[in-house]
Amino acid sequence: MAFFSSSKMYPANHKTVFVLDHTPYFGISCENPIEFEFLKARGPGCLPIPPFSKSLWTCSFESAIEYCRIVWDLFPQGKLIRFIASDHLAHIISTWNLGHQHLGHITSMMSLIGVPPSVHPSNSNLDYTVLHGLKAAVEALSEPTDSQLEKIKSDVPMKLMNRGRVICITSARDDESMKRLEEIFLSGLIQQNKAAAKSDRHIVIDHCHLVIINTFPVNIESQVSNHTVRNLSVILTTEVHSVKASLIPNKLSALILEHYDLASTTVTGIPMKEEQNASSSANYDVEIYHASSAHTAILKGNASDSLAIQTQKENHEYQTVTLKWCTPRGTTGSDLHNCTCMHRITPVDVNSRPSLCLINFLLNGRSVMLEMPRKSGGKITSHLLAAHGGEIFIHTLCTARSVLEDPPSISEGCGGRVTDYRITDFGLLIRQNTLLPIKSSAADKALNATVEMKSRLNRMTRYWPLTISSTLIFNLKMYIDPLPSIITKENIAEEEVFQCKQIIRNLINLENKHESLHPLNTGPRIKGQKREEQYRTMWNELDMLIKNNLHTENHKSIHKCLLEGHTFKDEKVELDDALRELDQIGPSKPELDSQRASVIRATTDSPMSPPPLSNVASSSTSRSNISSSAPKSLYEMFLAWQKPKSRPEFAGRAGGSLVAKLYPNLKTDRPAKTEGMEIDL
């Protein structure tokens, strides 16, 4: 237990060492021009300021400083970071002392080191390499922190896990040089552990995570390829990322989320007044970092809703969760809310105007609700941003039932939608399958008893509807009991077989007498059904129940009795009506009538009714002297039975000349008076 507690207390991110390459190569430009002209209109004689480019050293140092800012904003204690600059020797910028864990100390010490040195003939024999810094980083990981010293000096004996991470920003020629760099680091790690085992001031490094960022100017291509996490040894894990100098901040942003288990949230739709026109406002977005556990509740919910709010961050390698700003309505940070967790936040772009406006708004005592849109429509308030003691936190609101409320009734169902569970029958099922302790001398007997109980439970629940509205036979207990309980048994006696058959015969007699069924419980599916529909549903469901329990010959005999006694008359009537309608549409032929009668007799005499339509079609088409041997559909039979109507031939086609006279009676004399009609002249 002590081992696991120490492992959680000192993870790999407890000690982080940045090794920055300070060799002359990092003094060159990154070739990424930045415009420095801020004046909109220049007066006469004003020369424009040319664009400038940062050096590789400036890009790497600024990115590392931003990495530290995010870590120290979110973790005021417990996450220690050291800086080492390497040129012809290792420059120790900071230690594990808590007084060095702030940006002011790092920037002031870096200003003393200055820019990377230039190579002169006087110092050309110096060995400028990043290996000096890597060796110093191994020694730094071997030095105990203040909290580790307290555990070492404590009276409670426990194994102290010393793990750390080294982030090295350098530049290599090719993959062979990078591989050689990793091997040298591993060799130095092993030697340091041997020396620490004999020293009182150092501790053994249990594991080290080496992250190498190979950088280069924008206008060249690197010969170093990336590789993911790879275990070089039991105590060393390495990974290499080759990026351009201008993209180091993006790479470290993706790495910090992984190293410290963080997540990104983009607050969208923030209304802010414009500086030029205070009467107008525009909507802005602000991205913040926080612990990933703040999103656990919403990401484990509905999968479609989770995918709708997750988007890929532009020009980055991670995803961000987009939540919408909810207009505050007089709420303050002191208001009580039902929260499940609370974590510190920090803005990603700390110097942007939208971030400053949001931070100042929260620090003034206001709180902001964040809404999560749903794909099915609507929205839900999922998070709250509020400040406490000068620090801003994100609160995960409880979107489910509160533990302070009364527990929901089982009749309400999931989300209050299902209200007709078979609660009484489920309680009876539990009582019938309750497991009780037994005394058994042999373990195999107990194992066999467990297997038998699982088989029994599986057998009794093969067909067990959950709701009242989804079943009919379990609502007709006065008609079919005790058939459901008998049919689920493993073995049935002869008396029980006779009893089940008698129940089936009684149901058949009720149907023949046209008596309606009266279920005990009426659900939305059963209410308002006609007598024929009730019997059809009852027979189909009873057939399904018995077919799922054909364990022995006695079970099969009960099913055979059902098939022999009930012949599915409703489905035969539908087939008979369909054939009768076809007879009325097509011409009446005695031979077809006799053929259809034979087809009907052949199908209704079988317990499996109706037969496949292809059988009926094939028999009908063969008797109708149709030349095709393939089965015909009902539509094809209908077209075949239709007789085309006879029309008189057009006069133009009747003669040999294929010419018809247009208006042949046009010049004939018209009578002066037509019968039934008078014309006034």
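The values are calculated or read from the model by the stated rules, or taken from the named source; none is laboratory data. Keep in mind that this is a model prediction, so the values were computed, not measured. A quick note on method: Cβ atoms are made from the backbone with ideal geometry, for glycine too, and the neighbour counts reach across all protein chains shown. Keep in mind that these areas ignore ligands, DNA and RNA; they rest on the heavy atoms of the full protein, side chains included. Shrake-Rupley method; radii C 1.70, N 1.55, O 1.52, S 1.80 Å.
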Starting from the Cα-Cα distance between residue 366 and residue 663, subtract it from 0.36 nm times their residue separation and give me the gain in nm to one decimal.
97.5 nm
Heavy atoms of residue 398: accessible area, 1.4 Å probe, square angstrom to 10:
40
From highest to lowest solvent-accessible area (probe 1.4 Å; ligands, DNA and RNA excluded), 59, 341 read 341, 59
Could you sort 538, 453, 544 by their accessible area in this structure, using a 1.4 Å probe and putting the largest first?
544, 453, 538
Using a 1.4 Å probe on the protein heavy atoms, what percent of the accessible area of region 224-327 belongs to carbon and sulfur?
49
Leaving out ligands, DNA and RNA but keeping every protein chain, what accessible area does residue 244 have, in Å² rounded to the nearest 10, with a 1.4 Å probe?
70
With a 1.4 Å probe and every protein chain kept in, tell me what percent of the accessible surface of region 343-387 is carbon plus sulfur.
51
Scalar couplings 3J(HN,Hα) for region 169-185 by Karplus 6.51 cos²θ - 1.76 cosθ + 1.60 (θ = phi - 60°), nearest whole Hz, x for Gly and Pro, are 9, 9, 9, 10, 6, 8, 5, 5, 5, 5, 5, 5, 5, 5, 5, 5, 5
Which three lengths, in whole Å and largest first, does region 474-514 cover when its Cα atoms are put on their principal axes?
35, 21, 10
Backbone N within region 75-95 under 14 Å of label point (7 Å from residue 127 Cα along the Cβ vector):
87-90
If we count every other residue with Cβ under 12 angstrom of residue 553's Cβ, Lys/Arg +1 and Asp/Glu -1, where does the sum land?
+1
Heavy-atom SASA rank of 462, 366 (probe 1.4 Å, accessible area, largest first)
462, 366
FRET efficiency for residue 564 and residue 449 from the Cβ-Cβ distance with R0 = 51 Å, rounded to 0.05, comes out at 0.85
Mind jotting down the three principal axis lengths of region 156-210 based on Cα atoms? Whole angstrom, largest first.
49, 19, 14
Nearest-0.05 FRET efficiency for residue 299 and residue 512, computed from C-beta distance (R0 60 Å):
0.50
Inter-site label distance for residue 388 and residue 239 at 7 Å from Cα along Cβ, in nm:
3.2
